[in-house]
1. To check you understand DSSP bridge types, tell me what percent of the beta bridges within the range 294-518 (both residues inside) are antiparallel, rounded to 5.
2. Using the alpha-carbon centroid of each, what span in Å lies between the range 451-480 and the range 218-288?
3. What's the longest piece of the chain with no exposed GluC sites (Glu not before Pro), counting a site as exposed if DSSP puts it in a loop and it has at most 13 other beta carbons within 10 Å?
4. Using the count of nearby Cβ atoms within 10 Å as a rough guide to exposure, how do Arg441, Arg323, Arg195 rank from fewest to most?
5. All other residues with a Cβ under 12 Å from the Cβ of Ala325 taken together, and with Lys, Arg as +1 and Asp, Glu as -1, what is their net charge?
6. Candidates (i) 0.97; (ii) 0.99; (iii) 1.06; which is the computed Rg/Rh (Cα atoms, Kirkwood Rh)?
7. Compute the distance from the alpha-carbon center of the range 339-392 to that of the range 136-161, in whole Å.
8. For the residues Arg332, Arg94, what sequence is obtained by ranking on other C-beta atoms within 10 Å, fewest first?
Amino acid sequence: MRNYLILIAAWSVLAGSCGGKHTEENSKTVFNYNEMAGITSLDPAASSNFENIQAVNQLFNGLVQTDDNLNVIPCIAHTFKMSEDGLVYTFLLRTNVYFHDNAAFEGGKGRKVIAKDFVFSFNRLYDSRVSSAMSLLDNVDRSEKTSYNGFVAVNDSVFEIHLKEPFSAFLNILTMKYFSVLPYEAVDMYKQDFRRNPVGTGPFMFKMWEEGTKLIMVKNDNYFEKDEQGKQLPYLDAVSVSFAKDKETGFMELLSGKFDMVSGADAFNINEVLDKHGNLNTTYTKKFYLQKQTFLKTDYIGILIDENITSVKNSPLKIKAVRQAINYAFDREKMIKFLMNNTGTPATAGFIPPGLKAYDPEKVKGYSYNPDKVRQLLMEAGFPDGKGMPEITLHTVDNYKEQVEFIQSQLAENHIKLKISVDKPSVLRQAVAACEYTMFRKSWFADYADEEDFMSMYYSKNFSPAGFNYTHYKNTDFDVLFEKALHEKSDSVKIGLYQQMDNMLIDDAPIIPLYYAQVLRLVSHNIKGLTTNPMNLLNLKAVKKEAPVSN
């Protein structure tokens with residue numbers, strides 16, 4: 001309550017100072033939002049985390065994109081088709097798409113995008129020093145059959161991709177920001193520093209980035225997309241991204257009008273802002289509105305189980321019964337209800353979240369709180385009532401400390417000792433990818449709308465650091481089903497295969513699913529046209545910002 005009163009008082013003081021007339025300078029429409037976790041790179045090849053993707057999406061375009069209903073629609077490719085055998089995809093490119101003006105080009109003027117630019121951009125993803133997306137290219141045919149060229153520029157406006165085998169999720173994969181187009185001139189000029197000097201085709205152009213403090217992107221006056229009335233996009237003059245690391249600061253900036261949006265359940269105090277049903281408290285309805293919907297995102301605890309790694313050899317987590325016991329040892333429903341104000345769904349039906357066709361609680365049975373099962377499994381593992389079992393360390397970030405402390409408390413009641421280590425987000429990301437932690441809290445959100453995106457995390461050929469299999473889970477039967485699903489044309493058969501895989505994953509327990517997330521945004525009332533989608537991709541090209549109402 002004390003924090004609540006402080007925030008209200010702060011808002012009143014700040015709001016009272018905003019009633020003056022606008023100058024010409026501040027009449028520019030700038031969309032301001034906060035990214036608590038920070039951004040590590042503006043290179044599309046490094047679009048492996050949510051924060052990077054949101055910024056890269058404003059700066060770059062690919063062949064195709066998704067609408068808010070997750071349909072694949074044209075982008076730089078105005079039309080596309082697939083051959084009857086499913087092995088060749090042909091894209092006809094627009095002829096009015098230009099790279100952003102930049103010193104990398106002759107005269108500083110951005111040139112037109114051609115098919116060879118996609119050949120260059122996609123081939124660049126094979127370099128492990130540049131990108132972690134190599135596993136996404138496994139099915140591209142670079143054999144003698146295609147003269148070792150899986151990507152072909154037929155001419156300036158026709159681009160082809162050749163696959164080894166049919167791949168049902170392929171078009172969805174191409175919507176990922178990894179597959180943005182970039183100019184070789186800028187990559188050659190900036191080299192490793194391209195991450196700080198991005199040059200794309202997107203609705204906004206890079207202006208400046210002071211890491212950890214501020215990122216500014218300005219309107220691209222030469223952007224190729226138009227609205228339904230034929231008016232050129234974007235409407236905004238600029239986008240400003242801040243990096244306030246604590247939710248109190250971010251929320252106060254929203255109340256003051258400095259931020260136009262904060263996003264995510266960890267970006268504000270849900271106990272103050274939302275009621276017990278997850279709806280906006282009436283106190284705030286005049287200040288901003290709540291956007292809320294299904295999110296293709298599963299929050300989980302990952303467990304490294306590769307016994308070739310020394311830390312795993314010496315850990316009780318190498319025992320499946322221990323991992324299963326931990327899954328049964330805490331109450332997900334209580335955690336969602338009391339810590340999250342019901343802004344999520346307990347993950348008791350596998351790793352695949354609601355919103356994808358394979359999600360079915362009747363066919364995929366996950367874990368629920370069951371102390372009897374915990375006792376039974378600990379006994380089976382050789383640790384009756386937890387006796388003799390070493391303390392386990394769980395690595396997390398500060399935003400989720402309260403959640404993991406709840407888990408820690410419940411595990412203690414079930415004779416499982418858990419130590420919590422709070423890391424910086426960048427440290428956690430790097431350490432997990434490098435297999436330095438045996439237990440870590442993470443999230444996985446959909447890069448594209450297909451179950452393959454979630455199950456590919458546990459395919460044995462995707463071991464980190466080259467891929468995203470952070471647990472180093474390896475199951476031959478799982479791999480066989482995964483490969484079968486990749487080539488399956490029948491939706492119903494494919495759904496059944498993914499459900500089988502999800503059940504295997506639950507039984508082997510290299511993960512502890514926590515909950516299926518929801519898109520949550522607090523948005524100022526003067527922001528119009530900001531839509532949501534189940535992937536929570538921030539699309540700002542059609543957003544308008546009206547002048548705030550004077551108080």
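1. 65 percent
2. 35 Å
3. Here the longest run is 392-545.
4. Ascending Cβ contact count within 10 Å gives the list Arg195, Arg323, Arg441.
5. Around Ala325, the surrounding residues sum to +1.
6. (i)
7. 44 Å
8. Arg94, Arg332
Here, each number is a calculation from the coordinates, and none is a lab measurement. If you're wondering where the values come from, they're calculated on a predicted model, not measured in any experiment. A quick note on method: Cβ atoms are made from the backbone with ideal geometry, for glycine too, and the neighbour counts reach across all protein chains shown.
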